[in-house]
1. Answer with yes or no whether GLU159 is more than 8 Å from the ligand (Cβ to nearest atom) and open to solvent by 30 Å² or more (accessible area, probe 1.4 Å).
2. On the given criteria, is LYS211 part of a loop (DSSP other than H, G, I, E, B), at pLDDT below 95 and either loosely packed, with under 14 Cβ neighbours inside 10 Å or not acidic (Asp, Glu) (or both)?
3. Which numbered condition trips up ASP121, out of (1) of a type in the set (Asp, Glu); (2) within 24 Å of ASP209 (Cβ to Cβ); (3) part of a loop (DSSP other than H, G, I, E, B); (4) touching a residue at least 60 places away in the same chain (Cβ under 8 Å)?
4. Of the residues that sit in the stretch 23-43 and are outside any helix (DSSP H, G or I) and without any contact (Cβ under 8 Å) to a residue 60 or more places away in the chain, which one is farthest from LEU183 (Cα to Cα)?
5. If only one of ALA119, ALA44 is in contact with a helix residue (DSSP H, G or I) (Cβ under 7 Å, 6 or more places away or on another chain) and either under 27 Å from PHE172 (Cα atoms) or open to solvent by less than 10 Å² (accessible area, probe 1.4 Å) (or both), which one is it?
6. Checking LEU137 against (1) out of contact with any Leu (no Cβ under 7 Å at 6 or more places or on another chain); (2) within 16 Å of ILE3 (Cα to Cα); (3) within 15 Å of the ligand (Cβ to nearest atom); (4) outside any loop (DSSP other than H, G, I, E, B), only one condition comes out false. Which one?
7. Scan the stretch 44-94 residue by residue and report those that are more than 15 Å from the ligand (Cβ to nearest atom), small (Gly, Ala, Ser) and in a loop (DSSP other than H, G, I, E, B).
8. With (1) within 16 Å of the ligand (Cβ to nearest atom); (2) open to solvent by 50 Å² or more (accessible area, probe 1.4 Å); (3) over 18 Å from the mean Cα position of the chain (by Cα) as the list, and TYR142 as the residue in question, which single condition is left unmet?
Amino acid sequence: MKIVVCVKQVPDTKGGVQFNADGTLNRAAMLAIMNPDDKAGLEAALKLKDQYGAEVTVVTMGLPKADEVLREAMAMGADKGVLVTDRCLGGADTWATAQTIAGALRNMDYDLIITGRQAIDGDTAQVGPQISEDLDLPLISYAQKIVDVDEKNRTITVERQFDDRYMVVRAFLPCVVTALGDLDVPRYMTPGGIFDAYDKEVTVWARKDLKDVDDSNIGKAGSPTQIAKASDKVRKGTGEKKADLNPAEAVDYIVGKLQEKHVI
Ligand SMILES: Cc1cc2nc3c(=O)[nH]c(=O)nc-3n(C[C@H](O)[C@H](O)[C@H](O)COP(=O)(O)OP(=O)(O)OC[C@H]3O[C@@H](n4cnc5c(N)ncnc54)[C@H](O)[C@@H]3O)c2cc1C
């Protein structure tokens, strides 16, 4: 069984977000980490490796520095790493990102593709579903548990989170699964794993290596969505608590506040 996990290098927003003057993220000024949902997806793939002897490959599109998340994934137990990097791929929106990653995946063998549900920087949750569309594969999104993989009948069964409950979904392989952060608890890198990871060769692909991808669909030029300006969340003060009002008084109070703020 061959599994490919898409991992994205993202700025660690826990330490606060920093912006360039043009409103884009100042990624150089922030610690770069593996996207949390991707790490949970990687752990699920490594569990399938332990259980079924699957081969796990990690792929990332990004700056040459994104090689770091591939090394981290290999230090956790992934077998191979593929870095897709080329200046012309920069500034990609989700459409162009998915087209680019799909172009890399067309060069690879896979029975299962795992992406994170969402990246903590762009936060769109669009790339996984777009990759499944580009490759014309079934998609199971919002995976909270991989119940079973039946290699003989080539199916995978997954618990898909749905509001406050879940549905059990079965799909034929190959397919795409998008992982929730709590799909699995990532294992730690081992010292031996770290050494091995830096001995391993990472495959590096550029635009010319992408299969069946049109120039009109890559990079900033191929992105229908342009980020005009990004800004950090405005932290509002704590709200006002009014505990001593009866229902009628509470309604009057709220209406008054809404009128005060010209909402109504
Ligand atoms: C603040 C901000 C807002 C943005 N808003 C938009 C927007 O509204 N529309 C838009 O089209 N673009 C937007 N972008 C650009 C978007 O971040 C990039 O296109 C990005 O490459 C993919 O989108 P995402 O981060 O939302 O990923 P998501 O769709 O949330 O990622 C889902 C999964 O896809 C995989 N994945 C995503 N990117 C990569 C990668 N580079 N390498 C490997 N795997 C990957 C990962 O497994 C990830 O968990 C925004 C960027 C920023 C910083």
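The values are calculated or read from the model by the stated rules, or taken from the named source; none is laboratory data. Because the structure is predicted, anything quoted here is derived from the model rather than measured. Here Cβ is always computed from backbone atoms with ideal geometry, including for glycine, and neighbour counts include all displayed protein chains. With ligands, DNA and RNA removed, areas are computed over all heavy atoms of the protein, side chains included. Shrake-Rupley method; radii C 1.70, N 1.55, O 1.52, S 1.80 Å.
1. no
2. Criteria not met by LYS211.
3. Just one mismatch for ASP121, condition (2).
4. Here the residue is ASN26.
5. Residue meeting the stated conditions: ALA44.
6. (4)
7. Across the stretch 44-94, the qualifying residues are GLY53, ALA54, GLY77.
8. (3)
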